[in-house]
Amino acid sequence: MSFFLFLLLILLVPSSNAQWPPSPGYWPSSRFNSMSFYKGYKNLWGPSHQSFGQNALTIWLDRTSGSGFKSVRPFRSGYFGASIKLQPGYTAGVITAFYLSNSEAHPGFHDEVDIEFLGTTFGKPYTLQTNVYIRGSGDGRIIGREMKFHLWFDPTQNFHHYAILWSPKELIFLVDDVPIRRYPRKSDATFPLRPMWVYGSIWDASSWATEDGKYKADYKYQPFVARYTNFKATGCSAYSPAWCHPVSASPFRSGGLTRQQYRAMRWVQTHNLVYDYCRDSKRDHSLTPECWG
C-alpha cells in the first residue's frame with residue numbers, strides 16, 4: 001500500500017525541474033572566450049560608483065550618481081554576453097542594463113538592442129526587458145519593440161549569463177544559453193545595420209521602470225548594486241575586413257536556431273513571457289510592420 005501511495009505522490013507533486021525550460025542542446029557561450037573587463041571595456045560615466053575586485057565589476061546607484069561602462073571597440077556583428085547578479089529587496093525605479101547602441105555616434109537617430117532588468121518591490125520578481133530600436137530618437141517618437149519576461153530563477157541569488165547574438169540576419173537574446181527571443185531581419189528599415197558599441201549601466205528610471213512609474217526609486221535602500229563578470233564580446237568589429245564571418249548562436253554556420261533551441265524558446269515564451277509589443281492592441285502596428293510581415 002505504501003508503495004502505491006509513493007507512486008501517487010510522484011504523479012501529483014510537480015517536479016521542481018518542471019519550472020525550468022527544456023535543454024537547448026547547444027551552449028553558444030562555451031564557444032567564446034571570456035575577457036578581462038579592462039581588455040574590452042572602459043568606464044563611461046560615474047567612475048566613483050564603479051570598482052573591480054574578485055574578478056567582477058561592481059557598479060552602483062545612489063542619490064548622487066549611477067555608473068556605466070562601454071566597449072573599447074564598435075562592432076558590426078557578434079556575440080556579446082556577461083554574467084550578472086542583481087540586488088535583492090526593493091529596487092523599484094532602478095534599471096540594470098547590458099546593451100548595444102550607437103547613440104553617441106548618431107545622437108537623436110540611433111540604433112539600440114537592450115537587455116534591461118526592471119527593478120521591483122518586495123516580494124515581486126524582476127522583469128527582464130528585451131528591446132530593439134531602429135534609427136530612433138529621444139524626442140518621444142522613439143519606437144520600442146519590447147518583449148518582457150519573468151525569469152525561471154531568482155537573478156539575485158547567483159550570477160547568470162545574459163547575451164545578445166547580432167548577425168546581419170537576426171538578433172537572438174539568450175539567458176544561460178537558452179534563447180528567449182529571436183528578432184529576424186525582415187527589412188532594412190526594421191533592423192540595426194550600423195556599428196554599435198557594448199554598454200552596461202545602472203541608473204534611475206523611476207518615471208517608467210516599475211509598473212509604468214507607479215513605484216519610484218527609494219534611496220533609503222541605497223546603494224543599488226549590480227555585479228558583472230565573465231565578459232564576452234566576439235565577432236566582427238567595425239574595423240574587421242569585409243570577409244569577417246558573423247558568429248552564430250547555433251551549430252549552423254549560417255545562423256538560426258536548431259529545432260531543440262526553438263523548443264526551449266517556445267517554452268520560455270509560453271511560461272515566462274509577460275509582455276509582447278506585437279500583441280499589444282494599444283500600439284500602432286503600422287509603425288512595427290515586422291509584427292505581421
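Here the 3J(HN,Hα) profile of the stretch 206-213, calculated from phi with Karplus coefficients 6.51, -1.76 and 1.60 at θ = phi - 60°, is 4, 5, 8, 5, 10, 6, 6, x Hz, Gly and Pro shown as x.
The distance from the alpha carbon centre of the stretch 231-293 to that of the stretch 46-79 is 25 Å, rounded to a whole number.
Loop-located trypsin sites (Lys or Arg not before Pro) in the stretch 118-187 (DSSP state other than H, G, I, E, B) with a sparse environment of at most 11 neighbouring Cβ atoms within 10 Å: Arg141.
Please compute the net charge surrounding Val178, taking Lys and Arg as +1 and Asp and Glu as -1 over other residues with Cβ under 15 Å from its Cβ. Can you show the working numbers first?
Values: positive: Arg181, Arg182, Arg259, Arg263, Arg266; negative: Asp176, Asp177.
In short, +3.
Charge tally around Ser83: other residues with Cβ under 14 Å, Lys/Arg +1 each, Asp/Glu -1 each, net +1.
Put simply, the amide H of Ala56, placed in the peptide plane, has no neighbours under 5 Å, leaving out anything fewer than 5 places away on its chain.
From the P(r) of the stretch 166-251, can you give the percent of Cα pairs sitting at distances over 16 Å? Value for the stretch 166-251 (Cα pairs over 16 Å): 71 percent. Here is the P(r) of the chain: all C-alpha pair distances, binned every 10 Å from 0, give 6, 27, 36, 22, 6, 3, 1, 0 in whole percents.
Residues whose amide H falls under 5 Å from that of Ser237, counting only those 5 or more places apart or on a different chain, are Arg76, with hydrogens built in the peptide plane. Taking a ≥ b ≥ c as the square roots of the eigenvalues of the Cα gyration tensor of the stretch 24-175, is the shape rounded (a/c under 1.5), prolate (a/b larger than b/c) or oblate? It is rounded, given that a/c, with a ≥ b ≥ c, falls under 1.5.
The lysine pair tally for the chain, using Cα distances under 17 Å and a gap of 8 or more places or different chains, is 12. As a calculated quantity, the FRET efficiency between Asp284 and Lys124 at R0 = 35 Å, using C-beta atoms, amounts to about 0.75. Note on Glu146 and Asn33: the model spin-label points, each 7 Å out from Cα along the C-beta direction, lie 3.9 nm apart.
Using R0 = 51 Å, the C-beta based FRET efficiency linking Lys216 and Thr258 works out to 0.75.
In loop segments of the stretch 210-276 as defined by DSSP, the trypsin sites (Lys or Arg not before Pro) with at most 12 further C-beta atoms inside 10 Å of their C-beta are Lys214, Arg253.
For the stretch 87-241, the C-alpha radius of gyration divided by 2.2 N^0.38 Å, with N the number of residues, is 1.06.
Using only the Cα atoms of the stretch 128-189, build the gyration tensor, take square roots of its eigenvalues as a ≥ b ≥ c, and label the shape rounded, prolate or oblate: rounded if a/c is under 1.5, else prolate if a/b is larger than b/c, else oblate.
Oblate, because a/c is 1.5 or more while a/b does not exceed b/c.
Report summary: the helix-based calculation at 222 nm, which adds -39500 (n - 2.57) for every DSSP H run with n ≥ 4 and divides by the residues of the chain, gives -2500 deg cm²/dmol.
Bear in mind these aren't lab numbers, they're just calculated from the coordinates by the rules spelled out. Here the structure is a predicted model, which means the values were calculated and not measured. FYI the Cβ positions are ideal-geometry reconstructions off the backbone, even for glycines, and counts take in every protein chain you see.
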